[in-house]
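Chemist: Let me begin by handing over the structure; questions about it come next.
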Amino acid sequence: MNAQKESDKTVVDYLMPAAVILVAVLGWIFSWIFFRRGKMVGKRELDTATYNLVREIETLRETTMATFAELKADVRETRHDVKTLLSR
């Protein structure tokens, strides 16, 4: 029979199951840490993208407001020109 007797077991035979469990637990912990770090990196990238999007929207709003101001000035100028032409 291949079964070892209790007296034939060495320290390695006793420590091997504990080592396997320790490696499994450490592997799980490290994978969890890297998963969390990946989520934090993803969140950081999302925050950066959100910030860039808000900045772009603000720039577009400013450009739109400037364009409307120019259009209002053009309309005022055109009205003035029309009034001048009609008053002749």
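Chemist: Would a scan of the stretch 23-46 turn up a residue that is polar (S, T, N, Q) and surrounded by 10 or more Cβ atoms within 10 Å (Cβ to Cβ)?
Modeler: Taking every residue of the stretch 23-46 in turn, at least one turns out to be polar (S, T, N, Q) and surrounded by 10 or more Cβ atoms within 10 Å (Cβ to Cβ).
Chemist: Test M16 against the criterion of being outside any helix (DSSP H, G or I), at pLDDT below 90 and either over 18 Å from the mean Cα position of the chain (by Cα) or surrounded by fewer than 10 Cβ atoms within 10 Å (Cβ to Cβ) (or both), and give yes or no.
Modeler: no
The values are calculated or read from the model by the stated rules, or taken from the named source; none is laboratory data. Since this is a predicted model, take the numbers as computed values, not measurements. We place every Cβ from the backbone using ideal geometry, glycine too, and count neighbours over all the protein chains shown.
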